[in-house]
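Okay, structure first, notes after.
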Amino acid sequence: MQSKNTSMQKFMEDICAKEGIESNYLSLHEWSVRRPVDFWIELIKFYNLEVTGDFSHAIDPTDFNGYHWFPNLKLNFAKNLLRNSDSDRIALKSVVEGKAVRELSYKQLYNEVARFQRSLKGLLLPGDVLACYMPNICETVISMLASSALGAQFTSTSSDFGVEGVVDRFGQSKPKVLVAAVAYQYNGKIYDQSDKIKRILEELPFIEKIVLVDFLDTGIKLEGEKFVTYKEFVSNEFSTVEFEEFPFSHPLYIMYSSGTTGKPKCIVHSAGGTLLQHVKELGLHSNLTEDKTIMYFTTCGWMMWNWLVSSLYFGSTIVLYEGSPGYPSPQEFTEIINSEKINIFGTSPKFLRALEDYLITGHKTLSHFRTLELMLSTGAPLLPEQFDFVDQHFKKGLHLSSICGGTDIIGCFMLGNPILPVKRGEIQCLGLGMDVGCFSEQGEESVESEGELVCKQSFPSRPLYFLNDADQKKIKAAYFERFPGVWHHGDFIKITEEKSVQVFGRSDATLNPGGVRIGTSEIYRQTETIHYLEDSICVGKQVEGDVEVHLYVKLRSGEELTQQRISEIKSIIRTNTTPRHVPKIVKAVSDIPYTRSGKKMEMAVTRLINGRALTNIEAVANPESLENWKEK
């Protein structure tokens, strides 16, 4: 579904008229990467971002050696997000497993941030760190806004992380203040966090203050001079947020990689770069405006939480959902779209698959979602058949945007577009200002053939640096060694002639039997159609200098993997792909490992079947699933 009455259309018409270029998205994108500095300046002006200073010496976009964007600009990130502080419109609505627990207008949000910030003064200086060990609720957002208004750095992880995972992360970022929920709810059950919080404090004695949030009114208490309740913390009468301006490159967020070896890498993102990227993606590519309500199912341990919260800039209403999307059922979870009148709804291919299975097995149907205008999906490639499912079961002609980027850039390389058609199995377009390319293994640009996702020029939301990486060896190894001077992201993609994109999965998990590269999504597209399979994971095993394709399948309840079915699975794959796609081994397993953000962990299984160890087990949402591959 295309719409001409959009912010993207207006921005495009303004720029194309001013620059004398053809008024279409391909021309606009080409201009945005040919003159990237001008593009980002025009974006700042179009959305009237609150910045001071001048645009001189903006950057040499061909230089990835360090962060150099807009050295003469200053801003305050929180001030931009709280620019609608005089509005009575609902800013945040917190919903816990279908039950609304709190809502705040923009005026109320501003006032609570003011009180929280007042109590932070004296505890945090600019550059210090505040951490949240929290559910996705209003208090988490308030903590971020109050700390970033002071110029402190914010970092977060979700309440379901174990002590080791929290210590691995916060032990590196070293927060002075920790905001933590004494309990959280998942699948209808309340989990007491008090013992975990005490153990975290023992492991991280540099934490000077812990603000305890009891949003479920459990009455759980912790005693000690470092503990204070949230209600006590915001009990002062202060009513003004103090906004000090900081450089464009001032550190805002510390994010964490979700790799499976070593401690997570700590990725530091800038206030200016994050703001520009999010405003572009939400405002232009998602057509978010002040009269809309947006929800993305995410925990505050995933970058989509940070992305979602930036919606405050537009004066929109954000629904913060906490809990299981399967409780009491996936179908009932979708009812929040109607009950909260959501216009933009974000999810993942994994949830859509679970919802489809639930509807099929229970012979259920979904409601008609009248307010829904846009569905966003990320976390994994969205299969062509899932486009059909959304069109048939959610809303005919619904704008479905598969988006792709990551924690590394706190945003997207490729995403949706309200003025372009949706094509099943494809991401609509390359993001404005993102000079995205597809490289062969030899570093040659290719169109209509599969290769590595790269970005050929710098962009404002590139990381400032990694923590504990003074010589920049880690950040260079992560992004710039594969193709010198070019950002190498690690996704296996194809860019079409029309500049839409197909994603085939992580390139570090790409299969390579006989030297031919195969994207795992090509195999999943086949296994998704097999009725007795609930899930699958496909990896490569190194054997005598070559790669064997191994397929592990999770069967539906009551089903069995017989030799006949193994032959059938191989036949379906061979018929619909190529003989090289056919797995050498097909085995049944009890479960498939996923990250906490819903990404299938192919590299974890690859390491295990090739005799390599995993250390960052906290990255795995269901670590017990890994027992299927140990000592195999």
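What about residue 301, is it modelled with pLDDT under 95 and in contact with a Lys or Arg (Cβ under 8 Å, 6 or more places away or on another chain)?
Numbers: modelled with pLDDT under 95: yes; in contact with a Lys or Arg (Cβ under 8 Å, 6 or more places away or on another chain): yes.
Considered against the rule, which asks whether it is modelled with pLDDT under 95 and in contact with a Lys or Arg (Cβ under 8 Å, 6 or more places away or on another chain), residue 301 comes out as yes.
If you go through the stretch 325-335 one residue at a time, how many are open to solvent by 10 Å² or more (accessible area, probe 1.4 Å) and touching a residue at least 40 places away in the same chain (Cβ under 8 Å)? Total satisfying the criteria: 5.
At least 3 residues being closer than 25 Å to residue 429 by Cα and of a type outside the set (Gly, Ala, Ser) is the threshold, and among the strands (runs of 3 or more DSSP E) wholly inside the stretch 465-557 those reaching it are 487-495, 501-506. Answer with yes or no whether residue 454 is part of a loop (DSSP other than H, G, I, E, B), of a type in the set (Val, Ile, Thr) and within 24 Å of residue 35 (Cβ to Cβ). It is false that residue 454 is part of a loop (DSSP other than H, G, I, E, B), of a type in the set (Val, Ile, Thr) and within 24 Å of residue 35 (Cβ to Cβ). If you go through the stretch 393-409 and pick out every residue that is open to solvent by 20 Å² or more (accessible area, probe 1.4 Å) and part of a loop (DSSP other than H, G, I, E, B), you end up with 5. So is residue 241 at pLDDT 95 or above, over 18 Å from residue 170 (Cβ atoms) and not basic (Lys, Arg) or not? It is true that residue 241 is at pLDDT 95 or above, over 18 Å from residue 170 (Cβ atoms) and not basic (Lys, Arg).
Could you say whether any residue in the stretch 475-482 is closer than 22 Å to residue 508 by Cα, basic (Lys, Arg) and open to solvent by 10 Å² or more (accessible area, probe 1.4 Å)?
Within the stretch 475-482 (the criterion being closer than 22 Å to residue 508 by Cα, basic (Lys, Arg) and open to solvent by 10 Å² or more (accessible area, probe 1.4 Å)), the answer is yes, since at least one residue qualifies.
Listed conditions (1) within 21 Å of the chain's Cα centre (by Cα); (2) among the hydrophobic types (A, V, I, L, M, F, W, C); (3) surrounded by fewer than 23 Cβ atoms within 10 Å (Cβ to Cβ) are all met by residue 447, apart from (1).
Where helices (runs of 4 or more DSSP H) fall wholly inside the stretch 60-151, the ranges with 3 or more residues that are modelled with pLDDT of 95 or more, surrounded by 24 or more Cβ atoms within 10 Å (Cβ to Cβ) and over 24 Å from the mean Cα position of the chain (by Cα) are 106-120. Of all residues in the stretch 211-241, those being assigned to a loop (DSSP other than H, G, I, E, B) and either more than 31 Å from the chain's Cα centre (by Cα) or of a type outside the set (S, T, N, Q) (or both) number 20.
To keep it simple, each residue is scored yes or no on (1) crowded, with 18+ Cβ neighbours inside 10 Å; (2) of a type in the set (Ser, Thr, Tyr); (3) farther than 30 Å from residue 135 by Cβ.
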site: 564; (1), (2), (3): no, no, yes
site: 571; (1), (2), (3): no, yes, yes
site: 577; (1), (2), (3): no, yes, yes
site: 582; (1), (2), (3): yes, no, yes
site: 606; (1), (2), (3): yes, yes, yes
site: 620; (1), (2), (3): yes, no, no
site: 630; (1), (2), (3): no, no, yes
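For the criterion of being charged (D, E, K, R) and at pLDDT below 95, residue 160 passes. Note on the stretch 161-185: residues that are buried (at least 24 other Cβ atoms within 10 Å of the Cβ), part of a helix (DSSP H, G or I) and of a type in the set (A, V, I, L, M) total 1.
It is to be established whether one or more residues within the stretch 165-182 are touching a Phe, Trp or Tyr at 6+ places or on another chain (Cβ under 8 Å), modelled with pLDDT under 95 and farther than 26 Å from residue 82 by Cα. The answer is yes, given that some residue of the stretch 165-182 is touching a Phe, Trp or Tyr at 6+ places or on another chain (Cβ under 8 Å), modelled with pLDDT under 95 and farther than 26 Å from residue 82 by Cα.
The values are calculated or read from the model by the stated rules, or taken from the named source; none is laboratory data. Here the structure is a predicted model, which means the values were calculated and not measured. We place every Cβ from the backbone using ideal geometry, glycine too, and count neighbours over all the protein chains shown. Ligands, DNA and RNA are excluded from the accessible area calculation, which covers all protein heavy atoms including side chains. Shrake-Rupley method; radii C 1.70, N 1.55, O 1.52, S 1.80 Å.
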